[in-house]
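What follows is a single structure, written as structure tokens, with notes after it.
A short reminder: the numbers here are calculations on the coordinates, not readings from a lab. Treat the numbers as computed from the prediction; the structure is a model and nothing was measured. With ideal geometry, Cβ positions are generated from the backbone for all residues, glycine too; neighbour counts draw on all protein chains shown.
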Amino acid sequence: MSNTETIVLAGGCFWCTEAVFKEVRGVLDVESGYSNGQATVPSYEQVCTGRTGCAEVVKLVHDPAQVSTRQLLEIFFATHDPTQLNRQGNDVGTQYRSGIYFTTPEQQQVATALIQEMAQEGLFDARIVTEVAPLAHYFAAEDYHQDFFEKNPHQGYCMAVAAPKVAKFRKTFRDLAKG
């Protein structure tokens, strides 16, 4: 059995982020949840108020022999807008911030270096505002949020927001897509 790593990413609505990473080769588990706020065992309703400090996140367990942290972060940055502070599109609030919550010092180094590279290369028209911080805590979201896109592909939000992100992943990262 190979070693696994866990990293937690906040890229706006967790339905969209989860939908993308479920398709990545070497990602063994994807779970939507809440992270890095002040609430203890927050609910979706509490997080939606923006007063818990928690972000909507996905917890990724991956096999680094199949997909590296850098590759995961390249997908992450290509499938959301890391220059929008506390929002992604029409989803507004601190719960929709862009964040990388690392579980190892190596993940922090990779994230910081990649952000610096992208900034130096001018890949975005605005400053990258992605928060890079240690994973302070994580709470799984309610069951109805898990695999939401997979279960509801024709739901309006999924069609308008999640489906284009999945399509972009499939087009841009074909070599990293599951069989």
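Quick rundown of the values:
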quantity: Dipole in debye (nearest 20) - the stretch 62-156, about Cα centre, beta carbon charges: Lys, Arg +1; Asp, Glu -1; calculated: 220
quantity: Cβ charges +1 (Lys, Arg) and -1 (Asp, Glu), total dipole of the chain, debye; calculated: 320
quantity: Calculated from backbone phi, Karplus (6.51, -1.76, 1.60) coupling profile of the stretch 39-44 in Hz, x at Gly/Pro; calculated: 6, 9, 6, x, 9, 4
quantity: In the stretch 5-176, lysine pairs closer than 19 Å at Cα, eight or more apart or cross-chain; calculated: 8
quantity: Net charge of neighbours whose Cβ lies under 13 Å from the Cβ of Asp81, counting Lys and Arg as +1 and Asp and Glu as -1; calculated: +3
quantity: Euclidean distance between Cα centres, the stretch 123-141 to the stretch 143-179, Å; calculated: 20
quantity: J(HN,Hα) series, the stretch 127-137, from Karplus relation 6.51 cos²θ - 1.76 cosθ + 1.60, nearest Hz, glycine and proline x; calculated: 5, 6, 10, 4, 7, 10, 8, x, 5, 7, 6
quantity: In Hz, Karplus ³J(HN,Hα) per residue of the stretch 83-97 (6.51, -1.76, 1.60; θ = phi - 60°; x = Gly, Pro); calculated: 9, 8, 7, 6, 5, 9, x, 7, 7, 10, x, 4, 5, 9, 5
quantity: Residues whose placed amide H lies under 5 Å from that of Leu28, excluding near-sequence neighbours; calculated: Val61, His62, Asp63
quantity: At most 16 other Cβ within 10 Å, DSSP loop - GluC sites (Glu not before Pro), the stretch 75-149; calculated: Glu142
